[in-house]
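The values are calculated or read from the model by the stated rules, or taken from the named source; none is laboratory data. In this text the structure is predicted, and so the values were computed from the model without any measurement. Note: areas computed on protein heavy atoms with side chains; ligands, DNA, RNA excluded. Shrake-Rupley method; radii C 1.70, N 1.55, O 1.52, S 1.80 Å.
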Amino acid sequence: MRESCPCGEPRPYMKCCKRFISGKQHAPTAKALMQSRYSAYVKQQREYLINTMAGRVAEEMGHTLDFDPT
């Protein structure tokens, strides 16, 4: 069974957000970017999240980005 995409689109992860997170393609719209960032958070893809943050925010958040919900 194919893994569904965490972003909520009715496509498999491999054909949805993974192509952006892997760097094979750039998200073509703001919506696609935000969906891919959510998927990256769910998949704990820290590097993608940092790379898609604005410059100063990335510097400030990059060191403290934590996936532990507690």
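Details
- Tally, over region 3-24, of residues that are charged (D, E, K, R) and under 11 Å from the mean Cα position of the chain (by Cα): 2
- Only helices (runs of 4 or more DSSP H) whose full extent lies in the chain are considered here, and the ones with at least 3 residues that are open to solvent by less than 70 Å² (accessible area, probe 1.4 Å) and at pLDDT below 95 are 46-51, 55-62.
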